[in-house]
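Novice: Sharing a structure, written as structure tokens. Questions coming.
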Amino acid sequence: SVTVQAFTGTYGINYGRIANNILSPDDVVTLLRAAKIKNVRIYDFDHSVLKAFSGTGLELVVGLPNDNLRDVSANADHAMNWVKDNVLAYLPDTHIRGIAIGNEVLGSSDEFSGFLLGAVKNVYNALDKLKLSHLVQITTAHSQAVFADSFPPSSCVFKDNVVQYMKPLLEFFSQIGSPFCLNAYPFLAYMYNKDQIDINYALFLPTKGADDPKTKLHYDNLLDAQIDAAYAALEDAGYGKMEVIVTETGWASHGDENEAAATANNARTYNYNLRKRLAKMKGTPLRPKSVLKVYVFAIFNENLKPGPTSERNFGLFKPDGSISYDIGFHGFKSSSADSSLLSLKEIRASSWSGSYSIILTMATALLLVL
């Protein structure tokens, strides 16, 4: 089968919307086009978003939420209707390039695990019958909870209780040319292992790094090690040629008292250095020729997300569209002191050709407070 490419370049972003104070989808399109971020991932199939992205050239991955898996898995007609209503109806004007079937389904609880493969197959078969399977890629994103051990990277394998679901899923994905999608957070790994992990290693800063005794490969940052751990688990399962794409990564800019690493400075350092790392168009130590592709989490701080304070503070932008910290993107004007940026009204009034250069001039160098 022809492999569908749902990702252009190396940099994408997650558009989470668990908030009651963020910009409208139309304004988000303005923000993303100004930032020249083309790859966007949402967690549902909200029609206001699908309409806003129409005619923009932005490439969208839509989500089938976990709560829908049981129904779509059990009934092929329901899968077909879902695809017709939420994908076919918006093509080709809205560039829907992928469908993420569930999110982090395997590895934690088994509530939805038994429905994942059936949902994947039914949605894919619906796309195939509609002659869309060559245009829209099917994926699902995994957390690191699917792994038994991830250090050193070469030792990584899938957990015993995950293998029964993972292997048939990987077999089907290998048949249709889909990648393995991983939500990888050096922030969380550092938070849980402060005594073992150098924060500079997590932030892409100079450090002695880590060596894998089996492969003899050297790692100068934690994200590369996390990705190669996924490659090792795939190889152990018999699918070593499958591409790994990072569907979420980021760093919280604010947290609770026990989340001391969640600072604006650390978030800026991680996300700026991540952009530099992706701009090099290179792979990982284990897969140097597989250019890394990453969706950053996320566009906005989301004030209604449950959990610790850090969960609500992963946004590159504040709810009004101003930047959370400076990594080279310019947001909507938020104060009279920032005279170099345009207001939302001014952005709308400007032609796109003019506003691209005014709104977002990529910084060639940033001074980071290390």
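Novice: Looking at (1) within 19 Å of F7 (Cα to Cα); (2) surrounded by fewer than 21 Cβ atoms within 10 Å (Cβ to Cβ), which is the only condition S108 fails?
Specialist: (1) is the only condition that S108 fails.
For (1) open to solvent by 50 Å² or more (accessible area, probe 1.4 Å); (2) free of Cβ contacts under 8 Å to residues at least 12 places away in the same chain; (3) over 29 Å from G118 (Cβ atoms), each residue gets a yes or a no:
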| site | (1), (2), (3) |
| --- | --- |
| A141 | no, no, no |
| D160 | yes, no, no |
| S174 | yes, no, no |
| N193 | yes, yes, yes |
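Novice: Test Q164 against the stated conditions and say whether it is touching a residue at least 24 places away in the same chain (Cβ under 8 Å) and either open to solvent by 60 Å² or more (accessible area, probe 1.4 Å) or at positive phi (or both).
Specialist: no
Novice: Give me the pairs: first residue in the stretch 52-64 and closer than 13 Å to G98 by Cβ, second residue among the acidic types (D, E) and at pLDDT 95 or above, beta-carbon distance under 8 Å, and six or more apart or on different chains, which are they?
Specialist: Listed by first residue and then by second, the contacts come to V62/D44; G63/D44.
Novice: Please determine, by comparing only the residues of the stretch 83-104 that are without any contact (Cβ under 8 Å) to a residue 40 or more places away in the chain and not in a helix (DSSP H, G or I), which one is surrounded by the most Cβ atoms within 10 Å (Cβ to Cβ).
Specialist: I101
Novice: Additional query: Quick test for you: out of T263, T247, pick the one residue that is under 29 Å from F329 (Cα atoms) and open to solvent by less than 20 Å² (accessible area, probe 1.4 Å).
Specialist: Just one listed residue meets the conditions, T247.
Novice: Taking the condition of being open to solvent by 50 Å² or more (accessible area, probe 1.4 Å), at pLDDT below 95 and within 15 Å of N21 (Cβ to Cβ), how many residues in the stretch 297-346 meet it?
Specialist: 3
Novice: Could you check the stretch 7-59 and list, in sequence order, the residues that are open to solvent by less than 10 Å² (accessible area, probe 1.4 Å), of a type in the set (A, V, I, L, M, F, W, C) and either at pLDDT below 95 or in contact with a Gly (Cβ under 9 Å, 6 or more places away or on another chain) (or both)?
Specialist: Hits for the stretch 7-59 are V28, L31, A34, A35, I37, V40, I42.
Novice: For the stretch 213-237, which residues satisfy the criterion of being surrounded by fewer than 19 Cβ atoms within 10 Å (Cβ to Cβ), within 15 Å of V157 (Cβ to Cβ) and out of contact with any helix residue (DSSP H, G or I) (no Cβ under 8 Å at 6 or more places or on another chain)?
Specialist: E235, D236
The values are calculated or read from the model by the stated rules, or taken from the named source; none is laboratory data. The structure displayed is predicted, hence computed values, not measured ones. Methodologically, a virtual Cβ is constructed for each residue, glycine included, from the backbone with ideal geometry; neighbour enumeration extends over all protein chains shown. All accessible areas refer to the heavy atoms of the entire protein, side chains included, with ligands and DNA or RNA removed. Shrake-Rupley method; radii C 1.70, N 1.55, O 1.52, S 1.80 Å.
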